[in-house]
1. So which of Ala113, Ala3, Ala67, Ala88 is open to solvent by less than 40 Å² (accessible area, probe 1.4 Å), in contact with a helix residue (DSSP H, G or I) (Cβ under 9 Å, 6 or more places away or on another chain) and at negative phi?
2. Which residue out of Thr313, Thr322 is under 30 Å from Gly26 (Cβ atoms), outside the structural domain of Ser109 (by TED's automatic domain parsing) and surrounded by 18 or more Cβ atoms within 10 Å (Cβ to Cβ)?
3. Looking at the range 399-416, is at least one residue within 16 Å of the ligand (Cβ to nearest atom) and open to solvent by 20 Å² or more (accessible area, probe 1.4 Å)?
4. In this structure, does Trp95 turn out to be in a strand (DSSP E or B) and open to solvent by 10 Å² or more (accessible area, probe 1.4 Å)?
5. Just need a number here: residues in the range 3-31 that are more than 17 Å from Leu297 (Cβ to Cβ), without any contact (Cβ under 8 Å) to a residue 12 or more places away in the chain and not in a loop (DSSP other than H, G, I, E, B).
6. Could you list, in sequence order, the residues of the range 43-64 that are open to solvent by less than 30 Å² (accessible area, probe 1.4 Å) and hydroxyl-bearing (Ser, Thr, Tyr)?
7. It is to be established whether one or more residues within the range 166-184 are assigned to a helix (DSSP H, G or I) and open to solvent by less than 10 Å² (accessible area, probe 1.4 Å).
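The values are calculated or read from the model by the stated rules, or taken from the named source; none is laboratory data. Just so it is clear, the model here is predicted, and its values are computed rather than measured. In this analysis, Cβ positions are derived from the backbone assuming ideal geometry, glycine residues included, and neighbour counts consider all displayed protein chains. Note: areas computed on protein heavy atoms with side chains; ligands, DNA, RNA excluded. Shrake-Rupley method; radii C 1.70, N 1.55, O 1.52, S 1.80 Å.
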Amino acid sequence: MIAAADPKQARIVADFPILAKPTSRGKRLVYLDSAASSQKPRVVIDALVHYYENDNANIHRGVYELAARATEQFEAARAKVARFVNAAHTEEIVWTRNTTEAINLVSFSWGLANLGPGDAILTTQLEHHSNLVPWQLLAAKTGAVLRFIPADANGVLVLDELDDLLDGVKLVAMTHVSNTIGSIAPLATIVPRAHAAGAVVLVDAAQSVPHMPVDVQALDVDFLAASGHKMCGPTGIGFLYGKRALLDAMPPFLTGGDMIKRVSYETTSFNELPWKFEAGTSNIADAIALGTAVDYLSAVGMDWIRAHELVLTSYALERLRTLEARGLAVYGPPRAEDRAGVISFNLGDIHAHDLASILDVEGVCVRAGHHCTMPLMEKMGWPATARASFYLYNTEEDVDALVAGLEKAADVFRLA
Ligand code: 7TS
């Protein structure tokens, strides 16, 4: 039971101030675009204001109490994120702006130092541009080649040729959850085989860390990237997890203040982990507020969030099926268990952007377009899709509003 009337669900919805604000047309806001960015609970918004009103100072330099307090909270937030993904050591968490920057850090630092002509990078056909473009550029710079694990028509990775694909691979860089199709990658199968082939594994966890328990030690991944803004945190803060031995051996990415140990006019020695990778003044307030977001998610329970999204996804798939006769096509794995709370679809020959505009009139926010996965869209033969994505604050009423909006669209376009 996850209707809005459920007491735990009602409390969660009430934690997000924006959900109580009607749209300009007086509709209830039905936010189904959390894969793009999540809404923020009041505790996170309050954490930002509290920091600026009470604790604001630059970190890692002031001897005065205020600066010490800012530093302490900034580093405490790092420890919270480390615990959240079960990193063995807090210094294995490097703050970045977002997933994209975390992946670029690995590409520029580890990639340029470790790849050369003839080496291979293995990724998948499902990737967001953020986990594809950096590897294309790295391959061009180093002479490495880029290979792809294929996806089938449901967006499920096909592993039949995996051993051949892994031959000569130094890096496997793949998404945990497809942001377009919602399919969950079988990391438990791929990671050990990648390691056996001598490869390092980077996981783009932008769509998994916010939505399900993720344990970097259990998965045994070498690098993992995620964005704060998709997990109830502020924009402008994300993180890279990296195994300590790998991060230790890597050269810095960006250089300048804070990432140094000693500088002379001629030369520089670098700071210890994780600060070696954090050049310049960090995004202090947002890191601290991401710590608050992680506390909030942990209090709700990541198992609860995954189970909640599974129930909503099952319900949505079932309700959407009633529109198949009117031309609704739903993409991705047929079983809800095989996906995260992401559903891409098209309705008849209505362009996905028109569909999203009609839904918007009803207060329903969905994303339409290529979802930053242009090669996947082309492979699937979809010019665009509309995409609904769920989070802890969504309810069955939200799914009902989506379905009602789609029925209205079918009426407007006179579909069957
Ligand atoms: N990787 C995946 C799997 C993503 O879904 C996204 C963002 C990114 C990387 C990039 O995250 P960023 O925080 O660095 O921008 N995905 C989406 C989306 O699906 N709609 O808008 C952004």
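1. The match here is Ala3.
2. Among Thr313, Thr322, only Thr313 is under 30 Å from Gly26 (Cβ atoms), outside the structural domain of Ser109 (by TED's automatic domain parsing) and surrounded by 18 or more Cβ atoms within 10 Å (Cβ to Cβ).
3. No.
4. Yes: the conditions hold for Trp95.
5. 3
6. Tyr51
7. no
Yes/no matrix, rows are residues, columns are (1) open to solvent by 30 Å² or more (accessible area, probe 1.4 Å); (2) of a type in the set (Asp, Glu); (3) at pLDDT below 95:
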site	(1), (2), (3)
His195	yes, no, no
Leu202	no, no, no
Met212	no, no, no
Asp215	yes, yes, no
Ala218	yes, no, no
Ala225	no, no, no
Gly228	no, no, no
Pro234	no, no, no
Phe239	no, no, no
